[in-house]
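J.: Mind looking over this structure? Questions follow.
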Amino acid sequence: MSIKPVKTAVFPVGGQGTRFLPATKAMPKEMLPVVDKPLLQYAVDEALAAGIERLVFVTARGKGALEDYFDVARELVDSLTAKGKTAELATLEETQIEPGRMVYVRQQEPAGLGHAVWCARHVVGRDAFAVLLPDELLWNPASPALKEMHDAYMKLGGNIISVLEVPEEHTHRYGIVSPGRRDGLITEVSALVEKPARGTAPSRLAAIGRYILQPEVMDVLALGKRGAGNEIQLTDAMAEMIGNQPFHALTFTGTRFDCGDKAGHVTANIALALEREDVGPAVREWLRAQQF
Ligand code: UTP
């Protein structure tokens, strides 16, 4: 049977972002800017680069700014046009997605990442789909993460998750892979453990917020089993599928910033600013002048 390209991506953006309070009291975490673009824009760009056509956002109360961001800001466009501000107008272009390609679903309680994904089940239907966590900024402009995963998916089928080796002392924060056979950057997944207790992790390969999944994961999530933190965990649902379906991890080769964490977000801003022609020189000059 030939493998069909993945056309739907789910962006779970219903979390409360408690690690980023007070900023997230009145602003969704996914709208935090890295230089001048919100985190969500980076994730959407990555999905589009992988050929995704339908974008499903699982939002929550207080996340209206996310919908406004991808809407047409008519008054702003009119006022920039009247003032001849063409460069500023051009920056709005990437926020314009063809009508009908974006779907918004509400997660009515923050019951966990698995629950957020399950909320998208009627839109996803019975095809394979991608999941992108926008607070994980996977930076690899020459070869975006989801595109690399999708290329692997077209050969291997089944389920593919993006992983990175993390220090042993950080493994308790992640979903960790129990590795099977390795072939270059591809590792067979023989089990998955969500947030293993310190010293018990089966490897240092951590899931970093990008997934291509078969629709059967929705059937497992529908059982509503609670896991770590009394939340419905995506990792637990994926773990139940191993053995019934092919399951692989692809090691990410770019730079990953955990922007749900304050230090990760600040670092992402510095790193991406340094790459830019407009703001890079000023940031570099300031950094050089510091006595670290
Ligand atoms: P996090 O584990 O980072 O949780 O979620 P959080 O609530 O966003 O942030 P903290 O830990 O309180 O600071 C990972 C991803 O899963 C989504 C989040 O929006 C984020 O993209 N998520 C999490 C949901 O959509 N719903 C949930 O119930 C939990």
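J.: Sort through Arg198, Arg284, Arg210 and tell me the only one that's more than 20 Å from Glu136 (Cβ to Cβ) and either crowded, with 22+ Cβ neighbours inside 10 Å or touching a residue at least 12 places away in the same chain (Cβ under 8 Å) (or both).
T.: Arg198
J.: Could you list all residues from segment 94-123 that are hydrophobic (A, V, I, L, M, F, W, C) and either part of a loop (DSSP other than H, G, I, E, B) or within 14 Å of the ligand (Cβ to nearest atom) (or both)?
T.: Ile97, Val105, Ala111, Leu113, Ala116, Val117, Trp118, Cys119, Ala120
J.: Further question: crowded, with 20+ Cβ neighbours inside 10 Å, under 16 Å from Leu137 (Cα atoms) and in contact (Cβ under 8 Å) with a residue 12 or more places away in the chain: is that true of Val35 in this structure? Quick ask: steps written out before the conclusion?
T.: Numbers: crowded, with 20+ Cβ neighbours inside 10 Å: no; under 16 Å from Leu137 (Cα atoms): yes; in contact (Cβ under 8 Å) with a residue 12 or more places away in the chain: yes.
The answer is no for Val35.
J.: Counting only residues that are over 15 Å from Tyr42 (Cβ atoms) and touching a residue at least 12 places away in the same chain (Cβ under 8 Å), which one in segment 144-154 is farthest from the chain's Cα centre (by Cα)?
T.: Per the stated criteria, the residue is Met154.
J.: Please work out which one of (1) assigned to a loop (DSSP other than H, G, I, E, B); (2) surrounded by fewer than 17 Cβ atoms within 10 Å (Cβ to Cβ); (3) among the small types (Gly, Ala, Ser) is the condition Ala87 fails and give its number.
T.: All conditions pass for Ala87, except number (1).
J.: Related question: In segment 7-32, what residues are more than 9 Å from the ligand (Cβ to nearest atom) and without any contact (Cβ under 8 Å) to a residue 24 or more places away in the chain?
T.: Pro22, Ala23, Lys25 - these are the residues of segment 7-32 that are more than 9 Å from the ligand (Cβ to nearest atom) and without any contact (Cβ under 8 Å) to a residue 24 or more places away in the chain.
J.: Name the residue that is surrounded by the fewest Cβ atoms within 10 Å (Cβ to Cβ), counting only residues in segment 213-232 that are outside any loop (DSSP other than H, G, I, E, B) and touching a residue at least 12 places away in the same chain (Cβ under 8 Å).
T.: Among those that are outside any loop (DSSP other than H, G, I, E, B) and touching a residue at least 12 places away in the same chain (Cβ under 8 Å), it is Gly229.
J.: What's the number of the condition Ala47 fails, among (1) modelled with pLDDT of 95 or more; (2) assigned to a loop (DSSP other than H, G, I, E, B)?
T.: The failed condition is (2).
J.: Another one. Among Leu21, Leu48, which is the only one that is surrounded by fewer than 21 Cβ atoms within 10 Å (Cβ to Cβ), under 20 Å from Gly112 (Cβ atoms) and out of contact with any Leu (no Cβ under 8 Å at 6 or more places or on another chain)?
T.: Exactly one of Leu21, Leu48 is surrounded by fewer than 21 Cβ atoms within 10 Å (Cβ to Cβ), under 20 Å from Gly112 (Cβ atoms) and out of contact with any Leu (no Cβ under 8 Å at 6 or more places or on another chain), namely Leu21.
J.: List every residue pair whose Cβ atoms lie under 6 Å apart, where the two residues are 6 or more positions apart in sequence or sit on different chains, the first residue falls within segment 242-261 and is closer than 17 Å to Leu205 by Cβ and within 16 Å of the ligand (Cβ to nearest atom), and the second residue, located anywhere, is assigned to a strand (DSSP E or B) and of a type outside the set (Ser, Thr, Tyr).
T.: Listed by first residue and then by second, the contacts come to Arg256/Leu138; Arg256/Leu164; Arg256/Ile208.
J.: Given the criterion polar (S, T, N, Q), in a helix (DSSP H, G or I) and over 22 Å from Phe11 (Cβ atoms), identify the matching residue among Thr267, Thr235.
T.: The unique qualifying residue is Thr267.
J.: Filter segment 124-144 for residues that are on the phi < 0 side of the Ramachandran plot, surrounded by fewer than 24 Cβ atoms within 10 Å (Cβ to Cβ) and part of a loop (DSSP other than H, G, I, E, B) and give the result.
T.: Arg126, Asp127, Ala128, Asn140, Pro141, Ala142, Ser143, Pro144 - these are the residues of segment 124-144 that are on the phi < 0 side of the Ramachandran plot, surrounded by fewer than 24 Cβ atoms within 10 Å (Cβ to Cβ) and part of a loop (DSSP other than H, G, I, E, B).
J.: Something else about it: Among the residues of segment 160-181, is any in a strand (DSSP E or B), without any contact (Cβ under 8 Å) to a residue 40 or more places away in the chain and surrounded by fewer than 17 Cβ atoms within 10 Å (Cβ to Cβ)?
T.: yes
The values are calculated or read from the model by the stated rules, or taken from the named source; none is laboratory data. Computed from a prediction, not measured in an experiment: that's the story for all the values here. With ideal geometry, Cβ positions are generated from the backbone for all residues, glycine too; neighbour counts draw on all protein chains shown.
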